[in-house]
Each structure stands twice: as C-alpha cells, then as structure tokens.
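Read the structure below first, then the notes.
The values are calculated or read from the model by the stated rules, or taken from the named source; none is laboratory data. No experiment lies behind these values; they were computed from the predicted model shown. Cβ: placed from backbone, ideal geometry, glycine included. Neighbour counts: every protein chain shown. Ligands, DNA and RNA are excluded from the accessible area calculation, which covers all protein heavy atoms including side chains. Shrake-Rupley method; radii C 1.70, N 1.55, O 1.52, S 1.80 Å.
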Amino acid sequence: MHTWKRFTQEPRIAYFSMEIGLSAEIPTYSGGLGVLAGDTIKSAADLKLPLVAVTLVSRHGYFRQSLDESGRQHESPVIWDPGAVMELLPAKTLVTIEDRDVKVQAWLYRVKSPTGGVVPVLFLDTDIPGNVESDRHITDDLYGGDLTYRLKQEIVLGIGGARILDALGFSIKKYHMNEGHAAFLTLELLDRSRHPLESTWDERAAWDTHRVIEQCVFTTHTPVAAGHDRFPYDLARRVLGEPVPMGLLKELAGADELNMTMLALNLSSYVNGVAKKHGQISQNLFPGFEIHAITNGIHAFTWASPFFVNLFNKYIPSWAHEPELLVRVDNIPDEEIWDAHCGAKAFLFQYIEETTGRRLDPELLTIGFARRSATYKRGDMIFTDLERLVRIAGGKLQLVFGGKAHPQDEPGKRMIEHIIQDGEQLRGKIEVVYLPNYNMEVASQLIPGVDLWLNTPIRPLEASGTSGMKAALNGVPNFSVLDGWWIEGHIEGVTGWSIGPAATETSVTENHGAEDVADLYTKLEKVILPLYYENRPGWIRVMKNAIGKNAYYFNTHVMMRRYVTEAYIR
Ligand SMILES: *Cc1c(COP(=O)(O)O)cnc(C)c1O
C-alpha cells in the first residue's frame, strides 16, 4: 500500500484554497489569504484534525520583487521544482476546458506536526505530456494572466480538485472553500448529486442542491463587491462548457455574470467572514444569506521569533500547542521580554544591513509597515506631512517598509515609489528602509524586529489582517486603524493604540483620511514616543499585554477549534 493511502482511511474535510503559504520555499502564495491557509493547515496538523488541503502548484510562484533606485518594482518568476520537496501521486484526472480534455495530476506534501498529526496537501498540476502546450501552463502563474486564464485555473482548482480527491480514494465529509476561487467544486458535487431517474437535461429537480449545500462551507475574505471573481457567461460557456444546465447555473451564480461568490453562497450551509466586523459587512453585502464570523488567526509556533520561542519555552511550556497559555505572560520578567525583543531587533537590523547596506540605530523607536501594496492599505499615510513628521520624530524615529504590488496594479506600484522617494527626502532626519521581496521569510524577521506595527487601511476594507497578530505574539504592539481583527484586539493604551475614529457598523466606503492622519501624528508625538523613551516599564507592559491579551487568542489553534465546532460539525 502506498504510504499516502493511509490518508484515505478516514473521512476528511477538504480545504480548498487558490494559494497556500507554508514556507518561503514553496512560493505558491501572494499574501494574507495564502499565509492564513498555510497556518490553518499547520494548526490542523497540530490538532490532528482530519483535513486534506487542495491548491495549485503555481510553478512560477507569485513573483520575486526587486526595486530600482527610483523605487520602481521589477518582477521575475520564482521557478521552483515541486519534485524536490513533494511526491507525485499516481492518479490523474481530467477536466474539460474549451471542449478539450485537460489532464490534472497532484503533488503530495505532508505537513507534519510535532504532535504526530499530519495533513496532506495536494498541489494540482497540468504540466503533463499529452496536454496541449497552453494547457500545460494553466497551473504556472498565481494570479497571473487574463480573465480566461483565471477561469481555467478555477476549473482546475474546483472541478479538478474534487475529481482528483475522488480518484485517489479520499472520502470527503465537508468541502471548505477558502474564498470563492474554488466554487466550481460545487458544480462537480451537483453533477454527482444528479438524480439518476430524472436525467432529462433541463429537469431542474434532477439536481439535488440540498445534498451539495449540506457538504459545503464557504469563507469570504473580501468586503467589496468588486473584489469577487466574476466571469461573463459567454466566456464561461466557451471555456467551462455546461457542466450543469445554463438555467440552473444562472439561478445559482447570478443572472448577468457568473459570480463565484454567489455560487459559493448559494451552495453552502455555513458561510463566514473573517472577523466580527467583516461578518457584518458581508451580511449587508449579501442580504438573504446568513453570514457568521470566525476571526482569523496565525500559527503561533511559525510566527514566534526564535528569541520568543526560547522565552516562551522557558516560562510557558506547551504554549505552542496551547497558545491560550500565553495569557500567563506576566510570569515572564520584564528584562527578559526586553532582551528577547532586542535580540529580534538586532537580528532584523543585521538582515537589513546585509540586504540593503543600510545601518539602522537599535536605540531608536522603529516602526514597521509591510503587507501587499494595495492602495486601500495606505502605506504612505505616515508621509502625508513630511515636515510635521520630522518635527515630531525629533531624530528619534526610524521606519522599515516591505510589500509587493500585484504586477498589474499601477497605483500599488506608485505607492511603493512614493514611500521610497519620500524616504530619500527624509535621509539624515528619519531613516526609512524599504525591504525588497516581502515574503514569509522576510516577514518572520521584519515583524518581530520592529518596536511598533503600523496599519492604516481604509475602513472597512481590511477584512481581518493577520500581520498585526504576528507582531503582538512577538511583543510588538499595534498602532492601527480600527478595522478587521484590531477592533476585537484593541484596548487603548493597554494592547496598543488606535488611529482615527471607531468604525461605524455598515458603510463600505468610509474614509476618514484627514482625521486618521491627524490622530496618527498626535498620538505618535504625545503618547507613543514619550512612553517608549521616558517610561520603558510602561512600554514593556504594553508589549506583555500584546502577548497576553492579543496573541493568546488570535491564533489558528483557537480559530480551528471554532471552525470544527461551528462550521464542520453541523
Ligand atoms: C502575514 C502576511 C501577510 C498578511 O499581512 P496583512 O497585514 O494582514 O495584510 C502578507 N504577506 C506575508 C508574506 C505575510 O507573512
């Protein structure tokens, strides 16, 4: 018996995600969504949950980012070899694309936990001899290409994924769609649910939607309607064909366009947003559906820097398997918290010197900001008024940035240029470093190594955000707009600080730009800088609260227990 066959011995939850970020060596992720998926899988392995994950092999990764003098982003593919870290499984399956058969195979990667738990992850691949040349590239570029390319990828992910699980002998009790990209799996399940006696093509009753609904769970991640994948029906008809009758498809996926979110909503028995606020926003966006909320988390062991791993091991044994125990952080002496932080800071500063040649001063308050460079994240907000910033900083502030813009996102690229050019202007007054090629490896050094983690999204577009949780775990307090998870984690002056007014309940276009900027500067000047420099014990108290009141709760162990009890077992 092949060793992978043991994974098929018990029924499993199938977790589908277009991107999964397990480590920097497997570059099949672009940002928060993928890292969340990876952390979810790791916690499932720790908790010995019967899960199997399905994603695309993305042979060209997302991309490697380099930045030139003027701050312009350049992209190159990250060609990687799945064969070096994964096992090719013997089964293949077929999907129909543009009336052609396309062969799909899967690479198996095992996520192993020290607890003995193992979660298999299947990386779908169409680069198989016998497929026509263009089809061999469907699983190359994550979020690359045009709408047609994306549609083909989603057919491979949803339909190909469901079929290969079947071909391999998996028995699946729930299908969890992490975002709408995988929603075509519902069409495969619909096909399987087809009533054999009523097989007339347009007999609506032949398709047992209830049977599919019972099997599906859907997590939405995007609080704006425009952020959801939609395909014109003429394109869908040409590329996807008619796996179910067009009339039924339009009933389920929208009358005018094939909307992947609608398809997932209509065919899931449990739907959730990724923070309480995001659940409410989604509820307003999709009236008529019941939308729950399960707040995202991070995998604590992955995201604790080695300095904090050692410290937690010493004072809070078993913390990695039970991050709730971090609630007892006050058992750790202040000096040791500070020493661990200084270790992480020195480690980051050495990395910065090696990669950029810039030398930062470890004595100075250092603010970090790194995430995908999307304009709604407003990464350049702190540079709104350079003179005022210089005055406030008084030579006692440094900034470290990071983040890639999507290759087709010109405004996102311009934001990076702004940050780098403003940084040049500030030289000698405020040192600003932009670390290139932000990925999981860079994140794991950058986030723990700064003193304060900044986030300035336009409310309510940060569905959850997870980098702030990584910061909190390493004793780095958040200084953030009240959006996403921070609405739940923020206690003013205790766990960190807010920027701007509280979020109102429902609007999706709120923008308190001027108020946010004013509050950012005022709080930095009057509260944060004085606390850091004049009251170190007070600062360390906030660091400890970030661990004991944020990190103990905002982790994927807590999150997965909620998915199990609220979504999977129903
Ligand atoms: C955690 C993480 C993110 C998510 O950051 P947000 O601030 O939540 O958007 C994105 N990219 C990488 C590489 C990460 O590790």
Query raised in the report: Loop-only check: which chymotrypsin sites (Phe, Trp or Tyr not before Pro) in segment 493-570 are DSSP coil with at most 14 other Cβ within 10 angstrom?
Result: none
Report task. Determine the calculated [θ] at 222 nm for the chain from helices alone, applying -39500 (n - 2.57) to every DSSP H run no shorter than 4 residues and normalising by the residue count; nearest 500 deg cm²/dmol. Result -> -10000 deg cm²/dmol
Requested in this report: List the residues whose amide H sits under 5 Å from the amide H of L435, counting only those 5 or more places along or on another chain, with H placed 1.01 Å from N in the peptide plane.
Outcome: F401, G402
Query - 11 Å beta-carbon shell around M559, net charge (K/R +1, D/E -1) - result: 0
Report task. Report S70's accessible area, 1.4 Å probe, all protein chains in place, as a number in Å² to the nearest 10. Result -> 60 Å²
Report task. Calculate, for segment 1-148, the solvent-accessible area per residue in square angstrom, rolling a 1.4 angstrom probe over the heavy atoms of the protein chains. Result -> 38 Å²
Report summary line: In whole Hz, the Karplus estimates of ³J(HN,Hα) for segment 216-232 (6.51, -1.76, 1.60; θ = phi - 60°; x where Gly or Pro) are 10, 10, 10, 10, 9, 10, 10, x, 10, 4, 5, x, 9, 4, 9, 10, x
**Report entry** Protein-only accessible surface order, largest first, of I420, I491, I382 at 1.4 Å
**Finding:** I491, I420, I382
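Counting only DSSP beta bridges with both residues in the chain, what percent are antiparallel, rounded to the nearest 5?
Bridges in the chain that DSSP calls antiparallel: roughly 35 percent.
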**Report entry** Length gained when the stretch E387-H321 is fully extended (0.36 nm per residue, less Cα-Cα span)
**Finding:** 19.0 nm
Report summary line: Charge tally for neighbours of N310 with beta carbon under 11 Å away, counting Lys, Arg as +1 and Asp, Glu as -1, is -1
Requested in this report: Search the structure for amide H atoms under 5 Å from the amide H of N555, placed 1.01 Å from N in the peptide plane, and list their residues when 5 or more places away or on another chain.
Outcome: I298
Query - Sites C342 and V494, calculated FRET efficiency, Cβ-Cβ separation with R0 30 Å, nearest 0.05 - result: 0.85
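How high is the relative contact order of the chain, given as a whole-number percent (alpha carbon pairs under 8 Å, six or more residues apart)?
Values: 1200 pairs, mean separation 80.5, N = 570.
Across the chain, relative contact order equals 14 percent.
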Report task. Report the FRET efficiency, 1/(1 + (r/R0)^6), for H210 and L235, where r is their Cβ-Cβ distance and R0 is 25 Å, rounded to 0.05. Result -> 0.30
Report summary line: Taking r as the C-beta separation of A502 and Q408 and R0 as 35 Å, the FRET efficiency to the nearest 0.05 is 0.55
Query raised in the report: So, in nm, how far is label R6 from label N511 when the simple model puts each one 7 Å beyond its Cα toward the Cβ?
Result: 5.5 nm
Report summary line: Once all protein chains are kept in place, L88 shows an accessible area at probe 1.4 Å, nearest 10 Å², of 80 Å²
Requested in this report: Using the charge dipole of segment 213-313 (Lys, Arg: +1 at Cβ; Asp, Glu: -1 at Cβ; taken about the Cα centre), state which of F218, A293, V244 has its Cα farthest towards the positive end.
Outcome: A293
Query - Cross-link partners of K523 among lysines (Cα-Cα below 17 Å; sequence separation of 8 or more within a chain) - result: K396
Requested in this report: Give me the distance in nm between label points sitting 7 Å out from Cα along the Cα-to-Cβ direction at L147 and T375, one decimal.
Outcome: 2.1 nm
Report task. Determine how large the accessible area of E133 is when every protein chain is in place; take a 1.4 Å probe and give Å² rounded to the nearest 10. Result -> 120 Å²
